[in-house]
Amino acid sequence: MADQQQAARSAQITRKTNETDIQLSFNVDGTGISELETDVPFLNHMLDLFTKHGHFDLRVNAVGDIDIDDHHTVEDIGICLGHALREALGDKRGIKRYANVFIPMDEALAQVVIDVSNRPHFEYRAQYPSAQVGSFSTEMVQEFLWKFALEARVTLHVIVHYGQNTHHMIEAIFKALGRAVDEATSIDPRVKGVPSTKGVL
């Protein structure tokens, strides 16, 4: 029964607008396989880290209006990934629900705290030394995480405690996000039904 439940924890999302065309598949109980084709190389790198450290399987094919900027593509991938997580988890029976993960990346330290609560909320505390990593704007990190939390309907707190290298700081966030989502969505045999006194999440 548990194997059947875990085997079903996957979703495929398609989102097509005048700004982006995205196909995304996500398996909560994967092995760290990522196949990422987007027009935003730095986001590809971050999603690969998220996938590997969360032990998910993630496939993304995204085309967007990057001739304007990366905003629509990054935002819509966040929307699709959040939607996929919410759909994959179904009624959330048996999950741990909460996680609090610290990840160091050299001199940087990031913390991600998550509650798979069905109450979308996002708190973000990060100050970067640079406004860009290559051609990628650091403000897109907040945009991605906010839309992910909103569509996944999770409470998400992201804190970068310190750091000197912007790349390292953002990398620590995405590694911590992968580990936190993995832990919070893990099946705990002690949990009977939904982990809430309300009886529903």
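Data table
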item	result
Residues satisfying the stated conditions in segment 122-145, i.e. surrounded by 14 or more Cβ atoms within 10 Å (Cβ to Cβ) and assigned to a strand (DSSP E or B)	Phe122, Tyr124, Val133, Phe136, Ser137
Val101 vs. criteria open to solvent by 10 Å² or more (accessible area, probe 1.4 Å), over 27 Å from Gly163 (Cβ atoms) and either in contact with a Ser or Thr (Cβ under 6 Å, 6 or more places away or on another chain) or not in a helix (DSSP H, G or I) (or both)	no
Residue match in segment 146-167 (condition: small (Gly, Ala, Ser), free of Cβ contacts under 8 Å to residues at least 24 places away in the same chain and part of a loop (DSSP other than H, G, I, E, B))	no
Failed criterion for Arg153 (all others in (1) buried (at least 24 other Cβ atoms within 10 Å of the Cβ); (2) closer than 16 Å to Leu81 by Cβ hold)	(1)
Filtered residue count, segment 33-53, keeping only those that are assigned to a helix (DSSP H, G or I) and either hydrophobic (A, V, I, L, M, F, W, C) or open to solvent by 20 Å² or more (accessible area, probe 1.4 Å) (or both)	12
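Condition check ((1) in contact with a strand residue (DSSP E or B) (Cβ under 9 Å, 6 or more places away or on another chain); (2) at pLDDT 95 or above; (3) over 17 Å from His53 (Cβ atoms)) across all residues:
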position: Val113; (1), (2), (3): yes, yes, no
position: Ser130; (1), (2), (3): no, yes, yes
position: Leu150; (1), (2), (3): yes, yes, yes
position: His168; (1), (2), (3): yes, yes, no
position: Glu183; (1), (2), (3): yes, yes, no
position: Arg190; (1), (2), (3): no, no, yes
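The values are calculated or read from the model by the stated rules, or taken from the named source; none is laboratory data. Given the structure is predicted, the values throughout are model-derived calculations rather than measurements. For neighbour counting, all protein chains shown are included, and Cβ atoms are generated from backbone atoms with ideal geometry for every residue, glycine included. Accessible surface is based on the protein model in full, side chains and every heavy atom, while ligands, DNA and RNA are left aside. Shrake-Rupley method; radii C 1.70, N 1.55, O 1.52, S 1.80 Å.
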